[in-house]
Amino acid sequence: MAEISEAQDSDSSKLLDSDSKAPQRPDSEPEFDPKLMRKTKPGLKRLFLTFSVLFSFLLGFPFLWKSVEIYRSPLPFREIDSLSTQLRSETLLFPLHFHTLFVGFDSDPDRLRRSILSEITKLTSQNPKCSDNYTLSVTVDLGSRCLRGSTSSPHSSSYQCGSVTAADFVQNDDVAVDERLASVFGGKTKEYSVAVVKGGSERAVVGKYRHAWMVVGDGSDVGMAALKVAEVLVKVFINGGREEGLIRNEFMPVGADGKIVLSFNLLNADPHDWVYDWDFEKIDDTLLTPMIEALGPVANISVESQVLYHTPKASFSYWNQKLESYVFSTKDLPFFVNSNEWHLDTSIAAGGRSKILQFAVYVPSAKECPLLLQLPNGEISNTNGFISPMWGGVIVWNPQGCLKDSEFKPSAKNIIPIQDLENMFEVFIGQFRQLFGFKSLNVYTGASGDWNLLPSKRGFTEWELDVLSRQHTCFNLHSCATTLGSLSRLVQSLPRMIIKDEIGKQVKLSLEAAKLALSNASSGVYESSAASSSQARSLAEDAFFHPSIMSVSYYSFEHCFAVYSPFFLPVSMHVVLAALRELKRYKQEKAKYLAWKAKANTAT
């Protein structure tokens, strides 16, 4: 134990000696704490490298955003809203100029004018979308002089006193009278004229131009004549002879692009019995082309034709001993068209939003020939045909081989006689008129009597074309405004939707066409207004249904963030956190250095 204590004493003495030999710190040198101080200035290399990586990410973000940017052509939202507001708040007015001529009456024209205007007001129905701004002028022709009533119309009547006399209406040749009045009333301004003539056989006729005439007896009351004049002006010239004025616009047989495809089909039910063909080109030149040209401002019409075989009907018919023919009733009409066997195909050009109307000539087989259509009243149809709204029409044509006494011998191929073909296509034109809402009969029955309506070789008279032009202008403009308004709201609700320059151009052209249609409608240029409104609606539909809008390439910002965040968010978060940690470290090291500098300055 003594030895161990001695050893410890010797070790302690050595330590004291070594401590006494260590260098002594000068009194002026400050105390250094390595945890809180550092003697060298911290470097910027690590901080520079870290922030270089961060800045490279920040600089690349605009390029990334540019790469996912959606191109949007600017659309005229204000002009679209202005058009919609104008059509919604203001009624579109079509100017109509009426002129009434009284021949052989000694009456006050102003009193007649007030009486006619009063009746027109009673008969006119108000339409919140479109209406008529009509003016009326009355002339009383006394032979030697004329009495003219006051009028608010800026267009004075071009009628020359003494141009129309009672002798012009003595003969019952309505076509000659129609041409005579056309030379008298046909001026530069579109004026609807009604001539009331005293003397001769009573009759009332509406011509194929823009005038009508009425012959009354010597003892007829002028008040009743004024009532009948007001009725023909409103019910015929304004409403087109329809019961409800304007038919429902959604059932008009015109496509959204303003086009109609007329597909004519010759259906041979059983080619084993007989096969028929037709001379369609001749009918197209003589009957269809004038009608298509007349309807040019309203619709762009194209014609197609084909001959089909093995096309039986889907309904049944029964033998009528009294009529000695097969009969099918109106109850069978919904099942007559056999969609499984009637392949009424059209060309590729008929696709899209064009309206396709099918007109079929059905040639029955020998097993059910002759085939007749029986009306609900038990009578046989004169035309032996029927129409299907928004589809077209069908005519059943019985060949001569159906007759027992006929010496007809079936051959390999027969041609339908041209006279029968013309009769059938006249029926088709009548069916086409019915699809537009006009009557197939050339008689209008009103409250004050009947009016005979002269037909036109073009299928539609001038006043009927005016009715169609006004109606289609009204419907097309409101449809255009609705479509553009829907497009505007859709584009503004989806910021990531692709809007190509083609869409922007279509919208601008649609607005220009709509403004032109409004201007022409207000000026009474019906044909131009109908053509411009159809173009405006077609362009609006093309813009709304553009393929780029219907694609799935547009998406929201949330979708874009969800797609790219798994790739860039982890890396970017690490880079940002590393930059923050490095900045924090640099500040701490710099604070240590500044603390050492401050303590060193204090010590000195």
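The values are calculated or read from the model by the stated rules, or taken from the named source; none is laboratory data. Predicted, not measured: the structure shown is a model, and the values here were computed from it. We place every Cβ from the backbone using ideal geometry, glycine too, and count neighbours over all the protein chains shown. Just so you know, the surface numbers come from the protein's heavy atoms only, side chains and all, with ligands and any DNA or RNA stripped out. Shrake-Rupley method; radii C 1.70, N 1.55, O 1.52, S 1.80 Å.
I'd like the residue in the stretch 437-470 that is polar (S, T, N, Q) and open to solvent by 10 Å² or more (accessible area, probe 1.4 Å) and, out of all such residues, is farthest from residue 240 (Cα to Cα).
Our first condition is that a residue be polar (S, T, N, Q); within the stretch 437-470, this holds for 440, 442, 445, 448, 452, 456, 461, 469.
Checking which are open to solvent by 10 Å² or more (accessible area, probe 1.4 Å) leaves us with 440, 442, 445, 448, 452, 456.
Working: 440: 12, 442: 12, 445: 13, 448: 17, 452: 13, 456: 15 Å.
Only one residue tops the list, namely 448.
Sort out for me the strands (runs of 3 or more DSSP E) sitting completely within the stretch 295-338 that have 1 or more residues that are over 30 Å from residue 538 (Cα atoms) and of a type in the set (A, V, I, L, M). It would help to see each step written out before you state the result.
Working: elements: 300-309, 318-320, 325-329.
Qualifying strands (runs of 3 or more DSSP E): 300-309, 325-329.
At pLDDT 80 or above and polar (S, T, N, Q): does that describe residue 338? Step through it out loud before you land on a result.
Numbers: at pLDDT 80 or above: no; polar (S, T, N, Q): yes.
So residue 338 does not fit the description; no.
Does any residue in the stretch 198-213 that is touching a residue at least 40 places away in the same chain (Cβ under 8 Å) come within less than 6 Å, Cβ to Cβ, of a residue that is polar (S, T, N, Q) and surrounded by fewer than 19 Cβ atoms within 10 Å (Cβ to Cβ) six or more places away or on a different chain, and which pairs are these?
From residues that are touching a residue at least 40 places away in the same chain (Cβ under 8 Å), the pairs are 205/452; 208/456.
Within the stretch 157-175, work out how many residues are under 44 Å from the mean Cα position of the chain (by Cα) and surrounded by 12 or more Cβ atoms within 10 Å (Cβ to Cβ).
The total comes to 4.
If you go through the stretch 512-531 one residue at a time, how many are outside any helix (DSSP H, G or I) and either open to solvent by less than 50 Å² (accessible area, probe 1.4 Å) or in contact (Cβ under 8 Å) with a residue 24 or more places away in the chain (or both)?
Within the stretch 512-531, the first condition is being outside any helix (DSSP H, G or I), and the residues that meet it are 524-525.
Those left that are additionally either open to solvent by less than 50 Å² (accessible area, probe 1.4 Å) or in contact (Cβ under 8 Å) with a residue 24 or more places away in the chain (or both): 524.
Residues in the stretch 512-531 being outside any helix (DSSP H, G or I) and either open to solvent by less than 50 Å² (accessible area, probe 1.4 Å) or in contact (Cβ under 8 Å) with a residue 24 or more places away in the chain (or both): 1 in total.
Looking at the stretch 244-255, is at least one residue in contact with a His (Cβ under 9 Å, 6 or more places away or on another chain), part of a loop (DSSP other than H, G, I, E, B) and not charged (D, E, K, R)?
First, pick out the residues of the stretch 244-255 that are in contact with a His (Cβ under 9 Å, 6 or more places away or on another chain): 249, 252, 254.
Applying the additional criterion that residues be part of a loop (DSSP other than H, G, I, E, B) yields 252, 254.
Filter once more, keeping what is not charged (D, E, K, R): 252, 254.
Checked the stretch 244-255: at least one residue is in contact with a His (Cβ under 9 Å, 6 or more places away or on another chain), part of a loop (DSSP other than H, G, I, E, B) and not charged (D, E, K, R).
Any idea which of 548, 565, 534 is assigned to a helix (DSSP H, G or I), more than 22 Å from the chain's Cα centre (by Cα) and either surrounded by 13 or more Cβ atoms within 10 Å (Cβ to Cβ) or free of Cβ contacts under 8 Å to residues at least 12 places away in the same chain (or both)? Spell out how you get there, then give the answer.
Working: 548 fails: more than 22 Å from the chain's Cα centre (by Cα); 534 fails: more than 22 Å from the chain's Cα centre (by Cα).
Testing whether each residue is assigned to a helix (DSSP H, G or I), more than 22 Å from the chain's Cα centre (by Cα) and either surrounded by 13 or more Cβ atoms within 10 Å (Cβ to Cβ) or free of Cβ contacts under 8 Å to residues at least 12 places away in the same chain (or both) leaves just 565.
Taking the stretch 438-472 on its own, how many of its residues are over 30 Å from residue 91 (Cβ atoms) and in contact (Cβ under 8 Å) with a residue 60 or more places away in the chain?
9
Specify the residue that is modelled with the lowest pLDDT; the eligible residues are those in the stretch 341-394 that are out of contact with any helix residue (DSSP H, G or I) (no Cβ under 9 Å at 6 or more places or on another chain), assigned to a strand (DSSP E or B) and β-branched (Val, Ile, Thr).
Applying the filter and picking the extreme gives 380.
Considering only the stretch 36-76, how many residues are open to solvent by 60 Å² or more (accessible area, probe 1.4 Å) and part of a helix (DSSP H, G or I)?
Of all residues in the stretch 36-76, those open to solvent by 60 Å² or more (accessible area, probe 1.4 Å) come to 36, 39-41, 44-46, 48-49, 53, 55-59, 61-63, 65-67, 69, 71-72, 74.
Filter once more, so that each one left must be part of a helix (DSSP H, G or I): 45-46, 48-49, 53, 55-59, 61-63, 65-67.
So the count comes out to 16.
What pairs come out if I take residues in the stretch 352-366 that are within 13 Å of residue 254 (Cα to Cα) and pair them with residues that are hydrophobic (A, V, I, L, M, F, W, C) whose C-beta lies under 6 Å away, six or more apart or interchain?
Final answer for the pair search is 353/256; 354/261; 355/254; 355/260; 356/261; 356/350; 357/262.
Which residue is farthest from the chain's Cα centre (by Cα), if the candidates are limited to the stretch 188-207 and must be farther than 12 Å from residue 99 by Cβ and open to solvent by less than 40 Å² (accessible area, probe 1.4 Å)? Can you show your working first?
First, pick out the residues of the stretch 188-207 that are farther than 12 Å from residue 99 by Cβ: 188, 197-207.
Next, only the ones that are open to solvent by less than 40 Å² (accessible area, probe 1.4 Å) stay: 197, 199, 203-207.
Working: 197: 45, 199: 50, 203: 42, 204: 39, 205: 36, 206: 33, 207: 32 Å.
Within the stretch 188-207, the match that is farthest from the chain's Cα centre (by Cα) is 199.
Which one of 179, 202 is under 25 Å from residue 458 (Cα atoms) and out of contact with any Leu (no Cβ under 7 Å at 6 or more places or on another chain)?
Working: 202 fails: under 25 Å from residue 458 (Cα atoms).
Matching residue, one of 179, 202: 179.
Of all residues in the stretch 482-511, which are open to solvent by 10 Å² or more (accessible area, probe 1.4 Å) and at pLDDT 90 or above? Talk me through it step by step, then tell me what you get.
Of all residues in the stretch 482-511, those open to solvent by 10 Å² or more (accessible area, probe 1.4 Å) come to 482-483, 486, 489-490, 492-496, 498, 500-502, 505-506, 508-509.
Correct list: 482, 483, 486, 489, 502, 505, 506, 508, 509.
Please state which one of 464, 502 is more than 18 Å from residue 80 (Cα to Cα) and charged (D, E, K, R). Let's see the steps before the verdict.
Numbers: 502 fails: more than 18 Å from residue 80 (Cα to Cα).
That would be 464, the only listed residue that is more than 18 Å from residue 80 (Cα to Cα) and charged (D, E, K, R).
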